[in-house]
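Visitor: One structure is given below, represented as structure tokens, and several questions about it will come after.
The values are calculated or read from the model by the stated rules, or taken from the named source; none is laboratory data. Since this is a predicted model, take the numbers as computed values, not measurements. Glycine gets a Cβ as well: all are built from the backbone with ideal geometry, and neighbour counts include every protein chain shown. Quick note on the areas: whole protein, heavy atoms, side chains included, nothing else; ligands and nucleic acids left out. Shrake-Rupley method; radii C 1.70, N 1.55, O 1.52, S 1.80 Å.
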Amino acid sequence: MLIAADTRGHYPEAHVFDAVAAYSLRDFERAEASARTELKLDPKHRIPRAEYVLGLVLEAKKDYAAAAEHMGVYLTLEPKAADAASVHSHMSRSAKRCLWPESPISMCSPPAR
């Protein structure tokens with residue numbers, strides 16, 4: 001596996017691919033860990049999509065405030081992304097869940113610092 005062989009972190013995109021694969025398998029803990037590892041290895045955001053992937057994972061884990069925050073970072077880095085409308089839809093859904101805390105689906109947490 002490329003991730004295990006990449007001891008120096010030269011291929012942060014491998015972590016995004018792993019995060020997407022884990023997300024598809026509903027292994028949200030692994031998906032979150034992989035996405036966060038990519039963000040740590042890529043402080044200049046050469047792969048901005050990692051922010052969106054992390055946002056999707058956090059949304060699946062019902063951490064709606066953090067999900068919207070990471071999706072917003074993605075759109076800030078890629079304002080003309082081809083999937084911007086879809087990302088806005090996810091952000092809107094997460095924001096609505098945070099605005100109505102009395103809703104049974106709301107499980108918002110404070111934004112990550």
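Visitor: If I ask for residues that are part of a helix (DSSP H, G or I), of a type outside the set (Asp, Glu) and touching a Pro at 6+ places or on another chain (Cβ under 8 Å), which ones from segment 38-66 would you list?
Guide: Residues satisfying the conditions are LEU41, ALA50, ALA65, ALA66.
Visitor: Considering only segment 16-60, state which residues are open to solvent by 20 Å² or more (accessible area, probe 1.4 Å) and either among the aliphatic types (A, V, I, L, M) or in contact with an Asp or Glu (Cβ under 7 Å, 6 or more places away or on another chain) (or both).
Guide: Matches in segment 16-60: VAL20, ALA21, LEU25, ALA33, LEU39, LEU41, ILE47, LEU56, ALA60.
Visitor: Yes or no: MET107 open to solvent by 30 Å² or more (accessible area, probe 1.4 Å), more than 21 Å from PRO12 (Cβ to Cβ), at pLDDT below 95 and part of a helix (DSSP H, G or I)?
Guide: Here the answer is no, as MET107 does not meet what is asked.
Visitor: Another one. Can you work out which of the residues in segment 11-36 that are of a type in the set (Phe, Trp, Tyr) and at pLDDT below 95 is nearest to the chain's Cα centre (by Cα)?
Guide: Residue satisfying both the conditions and the ranking: PHE17.
Visitor: List the number of the failed condition for ALA81; all other conditions in (1) in a loop (DSSP other than H, G, I, E, B); (2) open to solvent by 90 Å² or more (accessible area, probe 1.4 Å); (3) at pLDDT 70 or above hold.
Guide: So ALA81 meets the others, but not (2).
Visitor: Of the numbered conditions (1) open to solvent by less than 20 Å² (accessible area, probe 1.4 Å); (2) under 9 Å from the mean Cα position of the chain (by Cα); (3) at pLDDT below 95, HIS70 fails exactly one; give the number of that condition.
Guide: HIS70 satisfies every listed condition except (1).
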